[in-house]
Structures are given as C-alpha cells and as structure tokens.
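S.K.: Have a look at the structure that comes next, please.
The values are calculated or read from the model by the stated rules, or taken from the named source; none is laboratory data. Predicted, not measured: the structure shown is a model, and the values here were computed from it. Note that we place each Cβ from the backbone using ideal geometry, even for glycine, and neighbour counts take in every protein chain shown. Note: areas computed on protein heavy atoms with side chains; ligands, DNA, RNA excluded. Shrake-Rupley method; radii C 1.70, N 1.55, O 1.52, S 1.80 Å.
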Amino acid sequence: MHDVNNHKSSRVMDKLGLAPVRTARHVHLKLLGDVYRDELVRRITADEWLTR
C-alpha cells in the first residue's frame, strides 16, 4: 500500500510489477496522529514474481 499522492512509491511499485487492486479510502494513520489518507493497495502473485 502507498499514499495515492506518493508518486515516487507508486513508481517503485510499478517497476517491481505490483499491480493496483483497489483504493482504500480515508485510512487512519495512527502513528501520524489524527491523519486520514487514501491508500492504493497493490499486489503481485508468486507466479508473476517468479517469472519476472
């Protein structure tokens, strides 16, 4: 997962082959206090990773 506004993290995950699955809206980031952000959930299967 990464913040939808974090374009550098998005680029890294693209390069690693992680595909977007869904957007988690209004995620509470407890470690940052009373902060809520949208997060992009990504995934890669074991087969996709092994065939890279």
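S.K.: Can you give the accessible area per residue of the chain, in Å², using a 1.4 Å probe?
M.R.: 82
S.K.: Plugging the Kirkwood radius over Cα pairs into Stokes-Einstein for the chain, at a temperature of 25 °C and a viscosity of 0.890 mPa s, what D comes out in µm²/s?
M.R.: 205
S.K.: Most mobile of V21, V35, V12 per a Gaussian network model of the chain (Cα springs, under 10 Å)?
M.R.: Most flexible of the set in this elastic network: V35.
S.K.: Quick one: putting +1 on the C-beta of Lys and Arg, -1 on the C-beta of Asp and Glu, what dipole do you get for the chain around its Cα centre, in Debye to the nearest 20?
M.R.: Dipole about the Cα centre, nearest 20: 80 debye.
S.K.: How much of the accessible area of the chain, in percent, comes from carbon and sulfur atoms when a 1.4 Å probe is used?
M.R.: 54
S.K.: With axes computed from alpha carbons, what is the tilt in degrees of helix 7-16 against the longest principal axis of the chain, rounded to the nearest 10 within 0 to 90?
M.R.: Approximately 20 degrees, to the nearest 10.
S.K.: Right, something else. Name the residues whose placed amide hydrogens come within less than 5 Å of the amide hydrogen of R42, ignoring near sequence neighbours (fewer than 5 apart) on the same chain.
M.R.: V21
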